[in-house]
Every structure is written in C-alpha cells, then in structure tokens.
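Before any comments, here is the structure.
The values are calculated or read from the model by the stated rules, or taken from the named source; none is laboratory data. Since we're looking at a predicted model, the values are computed, not measured. Cβ placement follows ideal geometry from the backbone for every residue including glycine, while neighbour counts extend to all protein chains displayed. What goes into the accessible areas is simple: the full protein's heavy atoms, side chains included, and nothing from ligands, DNA or RNA. Shrake-Rupley method; radii C 1.70, N 1.55, O 1.52, S 1.80 Å.
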Amino acid sequence: MATLSLSRFDLSSIGRSDNRRRHLHRFRRQGKSEASWALCRRNMVAVKSVTAFYGGNKEKGSICTADELHYVSVPNSDWKLALWRYNPSLQAASRNHPLLLLSGVGSNALGYDLSPESSFARYMSNQGYDTWILEVRGSGLSTHRVERKDTIGQIRSETPEKQPLAKIGTYSSSEGSSVSSKHGQESTIATQLGNWNKNLINIIEGAQQLGPLKPFNLQGVTSALEDFQEQLDVYEKYDWDFDHYLEEDVPAAMEYIRNQSKPNDGKLLAIGHSMGGILLYATISRCSFNKVDPQLASVVTLASSLDYRPSNSSLRLLLPLRDPAQAFNVPVFPIGPLLAIAHPLASRPPYLLYWLKDQISVEDMLDPTLLEKLVLNGFESVPAKVLLQLSSVFEEGGLRDRNGTFQYNDHLRQTNVPILAIAGDQDPICPPEAVYETVKGIPREFVSYRVLGKPGGPHYSHYDLVGSRLASSDVYPLITDFLNRHDVA
C-alpha cells in the first residue's frame, strides 16, 4: 500500500520554493527516488488547494497542527486519506493500543484540534496514547490523485498496491455509472454548481444592504465560495456514500495505524463524534454479522446513534429526507460554504439565524473566536449520496446500507466490544433519546451510557462534548478513564 509520511518540518518548509532543491537533495541522500520526491511535491500541491477552508492561510505548516501528517492510499481508488498523528507524551504512562479519532459528517480534523487550549487530540496524546485523526475522502487534507505537471516533469498518478484489509463484510452494489462518467454530464454538473455558487455570493452581498443587518466582512465567506468554485473538477467526482467510508476508508486507516503502531494484539481504541460514532457502530455491527473480529479494544461514541426516530432531532430539518441530488440539483452539498454564509447572520444583530449557533454549542460553552474558527474552517462539502443514506436513521429500524437490505442496528446485540456512549443534555442534533435508542440494543455488560449536563447548567450541545471550555475537565477524563480500563494488551 503506497503511503506518505510527513513531519512538521516537512509540512512547514517543503512548499517554499527556496527549500525545494534542498529537500530534493535530502531525498536523494536517503536513497529515495525522484519519483518519491514528485509524489511528495504533488501531495503538497494538493494540500495547498484546501487552505481556503483553513482561514485562507497559505502556509501549509499552519494547516496541520499534528506532530506528523501521514497519507494512506485507499485500494482500488484514487484517494489518499490524511491521517493526523499526535505522538504520545514521553512523560505519560505507556499505552498498549493506538487511538483512532473519527469526525462527524462533513467535518475535518480541526474539530479535534481547534487550538492549543482546546485540543482533544493533544489531550489524549498527553495521556500517553498514540493518537490519529482520520480525514475521510473529500475531507481536509485528503487528496484525490490526478495527473499534474511539475518542474520535475510529467507526474503520473500511481496505482495503489492491493493489500488485504481487515474484512468487515461484503456489499453488493446496484449503483450505475458515476456522475462524471460522461463529458456531457460533467459539463452540466459544473454549470449547475457554478451558477448555484454565484447565486449564493449574490445573496450574501444583497444581505449587506439590509438596513437592520450589522455589516460584516465578506472576505472569509466569499473566499470559501470561490474555493468551492475552483474545486468543481473535484466535486464532479464526489460519487460515494456512507458505505464507502465504512468499507474502504476506515479499514484502510486502521490497517495503516496497526502497521505503524504495532499493538501486540493488533487492536485499536476508537472514538467517534456524530457520524464518526455511527461508523464505529456500523463497523461493529457488520463484523458481528460476519463473525469477524472488528479489531477494536474499546469504543467511545459522542452524540451518535443509528436510529433517531424516538427523538425530536433537528436533523430532520437539516438533513434532506428526499433525494438531495434532486432537491438541490447538484451531486454535492456544500456544508462548509453554507455555514460560512450563515455564521454572520447567526452571530451578529439582528441574529436572523441565531438558532443555528445552538446546533453546535450552548451559550458560553465555546469561545466566540473558536466557534467562528470551527464554523468557517471545520466543515467540508459532502456528496448527496452520503446524506441520502444517512437519512435512513429516521426510517423504521434505523440506518441501512446503500441497498436498504442491511440494518446496522440489528446486530449490535452480538458484540463483545466495550462501548461508552455519551450524549449532551441539550444536543438538538442527536438528543439523549436518540443516543439511548442505539444503546439499549447493546448487551448491558458491554455498554455504558452517560448524559452530560445538569438542570442548572452547564449544558452540552452537539460539539460541546468535543471542544467546549469544560470538555477538558468534564468529558476528557471520563473518556480517558474508560479507555484506560480497557487498554489491556
């Protein structure tokens, strides 16, 4: 499996023209070929293409705040997934298992590492865990490999080596050709996305003319939308669903982490927020059905459920319950640009969309500067197919596979993986009722359930479990204690 590992020094300096020749010499001294250098350069160019989602910063060193940035190829695809690695503190106790962090739908690694003072990933590495954040295809620094022209010459996209991964079950697929399979389709989609993007910019500029609306700087918003426009050739290839994350991305990442960290029993610890937790539940369910070991020592889910029906989840309003591609006439749903648009209207007088803020964080639980950073930089565009499959959480039996024939909730009762499920008391997206609906189907001896928040406060909304001002004192120690108890070699 082709991989690329980059240190902080590489990330901060390799992209600058005055350092390129020096890095090429270093590659040669290490016995690496110019092809390896070309691969590295190509990935750095790809990294640069996402800087607009990270505050417009053009220095790649400020994008990834982890100790190391790794890339792993997904077999039988052109995707290279980004893995942010936080090395365990030498002052902490030695741990037996590496830790994998999975983010929510449309989220990149920023949510787990928002700032030095609000970093779940850094906290866990300081507890001694070799901590990894996976950015699934289409998120953050993950790249879709295309042929590029560089100073070294023509660079060809390499085919990843085919290596067996931990089997989590097989799926039949009834999908037809991709949305980009025909030139005519590509042209139509690009036109649709381009026109839609221009309309959004016009709407924002028009909102500036509203009398009661306090003026705000459009630079960050328009930058995100312009980046969205520039990436149309990539968005045309956004032809995957939730099961692609489950079948391909997560197994590839787990296999890579196992090879890097080398746990004695081959198992990982894992924490998933929102869709990240859904991926962990689905992995356990599939493995239980196929009588395959999921290779997970223990799991923590934060604000996650496979069945939302008992709750009054606001996701019913935010998640299209009909075919999103038909509803929006585009193959991709731009969560990041839309949140960038909505944030000024939610955070400034007359607070036209103030209710959106509470979907992420309860009042006074997250510093306004960090909230703005998260909203403007922490979210990506998502294929309509992903949202369509996730909408099955509101159907009888909960989340289903892409064909609608396998219900992930049905097989959790067979698991023996220790699970801690945490809910926020004022989470409008995944309320405690939704979290418990999945928990009650897991054998009691293997599940713990906690609702954080008190009647008189503090309260926890959807993101507060990950990065609020009280997370390091109320949430992180709870998780660490659970993982420590199950970190047995």
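Of the residues R413, R400, the single one that is within 28 Å of S142 (Cβ to Cβ) and of a type in the set (K, R) is R400.
For residues that are touching a strand residue (DSSP E or B) at 6+ places or on another chain (Cβ under 7 Å) and open to solvent by less than 20 Å² (accessible area, probe 1.4 Å), scanning just the stretch 409-429, find the one that is farthest from R450 (Cα to Cα). Filtering first and then ranking leaves V417.
Of the residues making up the stretch 91-115, those that are part of a strand (DSSP E or B), open to solvent by 10 Å² or more (accessible area, probe 1.4 Å) and closer than 25 Å to V332 by Cα number 1. Just one of the listed residues (V386, V466, V435) is open to solvent by less than 10 Å² (accessible area, probe 1.4 Å), assigned to a helix (DSSP H, G or I), closer than 25 Å to R316 by Cβ and at pLDDT below 95, and it is V386.
Would you say M275 is of a type in the set (A, V, I, L, M, F, W, C), open to solvent by less than 20 Å² (accessible area, probe 1.4 Å) and more than 27 Å from A434 (Cα to Cα)? So M275 does not fit the description; no.
Taking the stretch 447-470 as the range and being in contact with a Ser or Thr (Cβ under 8 Å, 6 or more places away or on another chain) and within 17 Å of S304 (Cα to Cα) as the test, the residues that pass are Y460, S461, H462, Y463, D464, G467. If the condition is being open to solvent by 10 Å² or more (accessible area, probe 1.4 Å), within 17 Å of K440 (Cβ to Cβ) and at pLDDT 95 or above, then the stretch 279-316 contributes only S288. When residues in the stretch 129-158 are screened for being on the phi > 0 side of the Ramachandran plot and either modelled with pLDDT of 50 or more or outside any strand (DSSP E or B) (or both), 2 of them pass.
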